[in-house]
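Report on one structure; see the data block that follows.
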Amino acid sequence: MAQDAPGRGRRRPVTRDGAAGGRAGSEAPAAESDPRRLRRVRRSYDAWARVYDWFARATASVGGVRAACVRSLDLAPGDTVVEFGCGPGVNLPALREAVGASGRVVGVDVSTRMLDRAAGLVARRGWENVSLVEADAERPPVAAADAVLATFVTSLFPDPYAVVRRWCDLADAVVVAAFVPEGNRAANAALRAFVALNGRLFDARTDDPLGMLAERTAAARRALDDGATVRERDRRLFGTIVVEAGRDR
Ligand SMILES: C[S@@+](CC[C@H](N)C(=O)[O-])C[C@H]1O[C@@H](n2cnc3c(N)ncnc32)[C@H](O)[C@@H]1O
């Protein structure tokens, strides 16, 4: 993972153009994302932001997934944590609590409407150390952090391996939560319907949505296997969700 880690709580979020916070700079991108695909993702999540926000908050404690993710990040006060694909910010309260007033939380998302929802939360709570960046998580606008979190995002990437490896290079701890078709028959049927419904988002013109989901989640797992020293895997919610953690500490 990160070669130049100066230690816990001392990493600053540095954008690719050298500034703290803000958008990606003009440096060559770390990887190419298909702009049409990203526009499609943005449009869909923009359209569903309000509903998604409500749904995600209502289900935030289901299966203890989100709490397990934040625990696995092993954050300390003063740390800097980046959440890729932060959506409306359902994980932000726990992240902010874990790093405290002296730490820093950066939420990154491509959807303007999702970020608007997250910004409303930040304003209501009066957090001054939580920033939101509209950018592509596949080409991270942040060059260094203590930890990276991504919940229900990596399966939207055509090449999750490359993206998660990139995250491993920028942080000492990377935690990813993703759906896996490893549950019982009913759980798998629900997942299949979910992926089929979201085919456009997943860029999945496939007649095997569960196979694609399994492949993408496995790719993220391999990236953590290859990019992190310490590995943990925690299956939740009848085996339909996996929390994969990789740490160098
Ligand atoms: C299923 S939602 C998950 C939101 C949040 N992580 C949660 O657990 O509730 C996926 C989010 O990822 C964002 N997203 C998808 N592809 C992205 C990309 N390439 N870069 C940044 N955000 C992305 C979407 O806009 C959306 O907000």
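We did not get these values from a lab; they are worked out from the coordinates using the rules stated. Note that the structure is a prediction, hence the values are computed from the model and not measured. Methodologically, a virtual Cβ is constructed for each residue, glycine included, from the backbone with ideal geometry; neighbour enumeration extends over all protein chains shown.
Table for the structure above
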quantity: Among (1) in contact with a Phe, Trp or Tyr (Cβ under 6 Å, 6 or more places away or on another chain); (2) among the aliphatic types (A, V, I, L, M); (3) surrounded by fewer than 24 Cβ atoms within 10 Å (Cβ to Cβ), the one test that V174 misses; calculated: (3)
quantity: Unmet criterion (only one of (1) touching a helix residue (DSSP H, G or I) at 6+ places or on another chain (Cβ under 8 Å); (2) crowded, with 16+ Cβ neighbours inside 10 Å) for V108; calculated: (1)
quantity: Cβ pairs under 6 Å, 6+ apart, first in the range 100-127 and touching a residue at least 60 places away in the same chain (Cβ under 8 Å) and over 23 Å from A171 (Cα atoms), second more than 12 Å from the ligand (Cβ to nearest atom) and not polar (S, T, N, Q); calculated: none
quantity: For G126: the one exception among (1) small (G, A, S); (2) surrounded by fewer than 22 Cβ atoms within 10 Å (Cβ to Cβ); (3) under 23 Å from R71 (Cβ atoms); calculated: (3)
quantity: Verdict on P158 being closer than 20 Å to R221 by Cα and surrounded by fewer than 18 Cβ atoms within 10 Å (Cβ to Cβ); calculated: yes
quantity: Condition met for G120 (part of a helix (DSSP H, G or I), loosely packed, with under 14 Cβ neighbours inside 10 Å and not polar (S, T, N, Q)); calculated: yes
quantity: Scope the range 84-110; condition within 15 Å of the ligand (Cβ to nearest atom) and among the polar types (S, T, N, Q); matching residues; calculated: N91
quantity: Lone qualifier among V70, V65 - being in contact (Cβ under 8 Å) with a residue 60 or more places away in the chain, in a helix (DSSP H, G or I) and within 11 Å of the ligand (Cβ to nearest atom); calculated: V65
quantity: Count - residues of the range 128-149 that are within 12 Å of the chain's Cα centre (by Cα), more than 7 Å from the ligand (Cβ to nearest atom) and closer than 17 Å to G87 by Cα; calculated: 3
quantity: Listing of strands (runs of 3 or more DSSP E) fully contained in the range 133-249 that carry 3 or more residues being of a type in the set (G, A, S) and in contact (Cβ under 8 Å) with a residue 24 or more places away in the chain; calculated: 145-151, 171-179
